[in-house]
Amino acid sequence: MSLTHKFENNNEAFLPFARPNISDEAIKEVVDCLKSGWITTGPRVQKFEEALKDYLKAPFALAISSATAGLYVALKAIDLEPGDEVITTSMTFAATLNVIVLAGGKPVLVDVSLDNYNMDVAAVESAITSRTKAIMPVHFAGLPVDLDPLYDLARKHGLYIIEDAAHAIGAHYKGKIIGSFGDIQVFSFHPNKNMTTGEGGAITVRDEILNQKIERQRFHGMDRMAWNRFTKSGSQHYEIVEPAHKFNMMDIQAALGIHQLQALDSFIAERERIVKKYYTLLKDFDYLILPTMPTYSFKHAWHLLAPRINPEATKLSRDDVAQRLKEQNIGTGLHYRAPHLYPFYMETFGFKKGQFPNAETIGDSVLSLPLFPGLKDEEFERVILALKSVFSNKE
Ligand SMILES: Cc1ncc(COP(=O)(O)O)c(C=O)c1O
């Protein structure tokens, strides 16, 4: 399905908030893969994992079918027991919480910064109990969480950190690329992310045992990968060490990923260029509150530019603004409603409205603007003009 729709009453194409950028070389590699006789996990996944290890400066990088699957297997690999608690953020995609529940754990949430939507690291220590097993920060929009104090806390209390880096491939914290240090990182290659494999993700770790457990959890609990079994050098035999799901990435996906990874730095540079233009042009635009950045050193991956609607400047709700932009053929994203307010989480874990006020404020007012490499200057102008007309006409 194309992401570019035509509206009946308007000749201008609908501008989505995200659009994958896929080169002819990548398409050729996918076709070559399809013709090669080997389309599931195999040599291209191996090559992609090697390239990820290089790029992320990680001793181990494992491709997986999605970041959701990656977070789940990471939790299984740290031996999460039923009832164990995982501390995470109240401003994230539902998958971050869902996987904790699916792996048998209990999500414990902390509020976030209203400035940049990242977990309030200072609030984490008081959320730790005797049942806490791990902390799962989210590098929201590609901005690294302040990891030094978080890892200090984790080491002090004997906890793992599983970084939900779904937004953050290519981001750096204090000069180090996310994925090159720390316990476990999970990246997403969903089509709206900074690079894509259609669906897909990757996990980086530094510990060999964790790597082995994740590998098994990725594929049936087998002690060796299936693709070896069908090659001349492989063996037909394998052992099942534990039951597990099937979350492997296909070579067809890795064919895309190899080329997307090569282009990633240029993609991020282009995202950054577009973000700078937004910040410059919207500097005095009172209707939107743009995220502000922390003082520690970082490189933002700019997966999203997600300002908030300023309730002091307009009576329009976020949904009104999204609807009116849509009428002008401008797509936006909603990242995210505060997940603790979904019925399942309120009913199962007793979360209440008002419990995480910053996350709720963000959840009610946030709106992601179009941002992707390949966004043309005239498309960008259309977004700015549409924003100006939405607010000037409807106060
Ligand atoms: C913060 C966060 N975590 C996890 C995921 C899950 O990623 P995937 O779609 O690859 O499963 C997403 C996807 O958007 C996300 O935004």
Selection from the stretch 27-48 of residues under 23 Å from the mean Cα position of the chain (by Cα) and surrounded by fewer than 19 Cβ atoms within 10 Å (Cβ to Cβ) yields 46, 47
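Can you name every one of the helices (runs of 4 or more DSSP H) wholly within the stretch 284-395 that holds 1 or more residues which are within 16 Å of the ligand (Cβ to nearest atom)? Full working, then the answer.
Details: elements: 318-327, 343-349, 357-365, 377-393.
Hits in the stretch 284-395: 343-349, 357-365.
Take the residues of the stretch 147-180 that are assigned to a loop (DSSP other than H, G, I, E, B) and farther than 21 Å from residue 107 by Cβ: which is nearest to the ligand (Cβ to nearest atom)?
The residue in question is 169.
Every residue, every condition in (1) at negative phi; (2) aliphatic (A, V, I, L, M); (3) in contact (Cβ under 8 Å) with a residue 60 or more places away in the chain, yes or no:
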| residue | (1), (2), (3) |
| --- | --- |
| 256 | yes, yes, yes |
| 311 | yes, no, no |
| 328 | yes, no, yes |
| 335 | yes, no, yes |
| 342 | yes, no, yes |
| 354 | no, no, no |
| 358 | yes, no, yes |
Of the conditions (1) assigned to a loop (DSSP other than H, G, I, E, B); (2) farther than 28 Å from residue 275 by Cβ; (3) not aliphatic (A, V, I, L, M), residue 92 satisfies every one except a single condition; which number is it? (2)
Residues in the stretch 38-73 that are in a loop (DSSP other than H, G, I, E, B), away from the ligand (no atom under 14 Å from the Cβ) and under 16 Å from residue 199 (Cα atoms) total 3
Within the stretch 74-107, residues being within 12 Å of the ligand (Cβ to nearest atom) and either crowded, with 20+ Cβ neighbours inside 10 Å or hydrophobic (A, V, I, L, M, F, W, C) (or both) number 12
Quick check: anything in the stretch 295-315 outside the structural domain of residue 52 (by TED's automatic domain parsing), exposed (fewer than 15 other Cβ atoms within 10 Å of the Cβ) and more than 30 Å from residue 122 (Cβ to Cβ)? yes
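Do the conditions hold for residue 134, that is, is it in a helix (DSSP H, G or I) and in contact (Cβ under 8 Å) with a residue 12 or more places away in the chain?
Taking the combined requirement at face value, the residue does not satisfy it.
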How many of the residues in the stretch 274-301 are without any contact (Cβ under 8 Å) to a residue 40 or more places away in the chain and out of contact with any Pro (no Cβ under 9 Å at 6 or more places or on another chain)? 7
Restricting to the stretch 316-360, and then to whatever is within 20 Å of residue 389 (Cβ to Cβ) and among the basic types (Lys, Arg), can you tell me which residue is surrounded by the fewest Cβ atoms within 10 Å (Cβ to Cβ)? 326
Of the residues in the stretch 181-201, how many are within 10 Å of the ligand (Cβ to nearest atom) and surrounded by 24 or more Cβ atoms within 10 Å (Cβ to Cβ)? 8
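The values are calculated or read from the model by the stated rules, or taken from the named source; none is laboratory data. Here the structure is a predicted model, which is why all the values come from computation and not from measurement. Cβ sites come from the backbone with ideal geometry, for glycine too, and all protein chains shown count toward neighbours.
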